[in-house]
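**Q** I have a structure here, written as structure tokens, and I will follow up with some questions on it.
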Amino acid sequence: MKVLNFRNALLGVTLVVASAMLSPVAMANGKDRLYQVTITNATLGQPVAPSVIATHDGSFRLFELGAAPMPGDGGYADYFALAAMAETGYPFHVLDQVAASTGVWEAKVLATSNTPPVIFPGGFNSTTISASGNAKYLSSVGMLGATNDAVYAVRGVMLPRGIGDTVHVSGSAYDAGSEANAESADTVGALGATDEDPVSGVGINEGGEGYIHVHAGIHGVGGMGGLSAAVHDWRNPVVEVTIERIE
């Protein structure tokens, strides 16, 4: 599969939500400290879909590794939000879930008016976010686009203290465990698959391993037109997140 065609396929999937991402859904109650957050794609062939970033105190956890909640269990709605992001790149369920969580100061989607919502290999995107009081940490998550159900994540990074101080942290890839890693053209949205609807929930959280774990990468098992290990596989980390305090 040519890289140009691959890029165009993913861009078509994500542009349907691009206009909504330019306005944060969740805003802080005020501005005390201000940070610039830059996410750089460190992979050879994985596009990074729009990220959700949040500032928070020590009580908040983006997600926990291990067994995923089943329908009817407490926490399943939060897991469904992660699964929808991991399978389709759609960030708004995670945004709503994070913004409503105890301990979160501000939550937003990383997208700006003058950059594409997708971060292609070697590219980066930046935004600003505020924090106050005990909100001394930052978490971030976004889909690795050429996968069945992978996200990168950084969880609970300490924010830099002084104005002008900078923190660099690497983000690894995690498997949401919500969809089998078929790697095929009819199951990967970046390759044109349309079997999932993140808004209605159709096709989300079906046939996966059932638990969140460190992703094992791309193995090229998807057959003709599927993902290529030579292009789409990775070795962790998959992103670098840079946080600079600017106010």
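The values are calculated or read from the model by the stated rules, or taken from the named source; none is laboratory data. This is a predicted model, so every value here is computed, not measured. Every residue, glycine among them, receives a Cβ derived from its backbone with ideal geometry; neighbour counts consider all protein chains shown.
**Q** What is the residue count in segment 183-203 for residues that are more than 30 Å from Val37 (Cα to Cα) and out of contact with any Leu (no Cβ under 9 Å at 6 or more places or on another chain)? Talk me through it step by step, then tell me what you get.
**A** To start, the set of residues in segment 183-203 that are more than 30 Å from Val37 (Cα to Cα) comprises 183-187, 192-196, 200-203.
Among the residues that remain, those that are also out of contact with any Leu (no Cβ under 9 Å at 6 or more places or on another chain) are: 186-187, 192-196, 200-203.
Total satisfying the criteria: 11.
**Q** Residues that are exposed (fewer than 15 other Cβ atoms within 10 Å of the Cβ): which strands (runs of 3 or more DSSP E) entirely in segment 116-201 hold 1 or more of them?
**A** On the way: elements: 124-131, 137-143, 150-158, 166-175.
Strands (runs of 3 or more DSSP E) meeting the threshold: 124-131, 150-158, 166-175.
**Q** Further question on the same structure: Quickly run through segment 202-214 and pick out the residues that are in a strand (DSSP E or B) and either touching a residue at least 60 places away in the same chain (Cβ under 8 Å) or of a type in the set (Val, Ile, Thr) (or both). Spell out the reasoning first.
**A** Within segment 202-214, the first condition is being in a strand (DSSP E or B), and the residues that meet it are 206-207, 211-214.
If the condition is that a residue be in a strand (DSSP E or B) and either touching a residue at least 60 places away in the same chain (Cβ under 8 Å) or of a type in the set (Val, Ile, Thr) (or both), then Tyr211, Ile212, His213, Val214 are the ones that fit.
**Q** Specify which of the listed residues (Val118, Val151) is modelled with pLDDT of 95 or more, in contact with a helix residue (DSSP H, G or I) (Cβ under 6 Å, 6 or more places away or on another chain), farther than 28 Å from Asp32 by Cβ and of a type in the set (Val, Ile, Thr).
**A** Details: Val118 fails: modelled with pLDDT of 95 or more.
Being modelled with pLDDT of 95 or more, in contact with a helix residue (DSSP H, G or I) (Cβ under 6 Å, 6 or more places away or on another chain), farther than 28 Å from Asp32 by Cβ and of a type in the set (Val, Ile, Thr) holds for just one of Val118, Val151, which is Val151.
**Q** Now a separate question. Where in segment 1-97 are the helices (runs of 4 or more DSSP H), entirely inside, with at least 1 residues that are modelled with pLDDT of 95 or more, within 16 Å of the chain's Cα centre (by Cα) and among the polar types (S, T, N, Q)? Walk me through how you get there before you give the answer.
**A** Numbers: elements: 3-14, 18-21, 76-88.
It comes to 76-88.
**Q** Let me ask you something else. Looking at segment 175-183, can you tell me whether even one residue there is out of contact with any strand residue (DSSP E or B) (no Cβ under 8 Å at 6 or more places or on another chain) and modelled with pLDDT of 95 or more? So that I can check it myself, show each step before the final result.
**A** First pass over segment 175-183, keeping only residues out of contact with any strand residue (DSSP E or B) (no Cβ under 8 Å at 6 or more places or on another chain): 182-183.
Of the ones still in play, those that are also modelled with pLDDT of 95 or more are 182-183.
For segment 175-183, residues out of contact with any strand residue (DSSP E or B) (no Cβ under 8 Å at 6 or more places or on another chain) and modelled with pLDDT of 95 or more: present.
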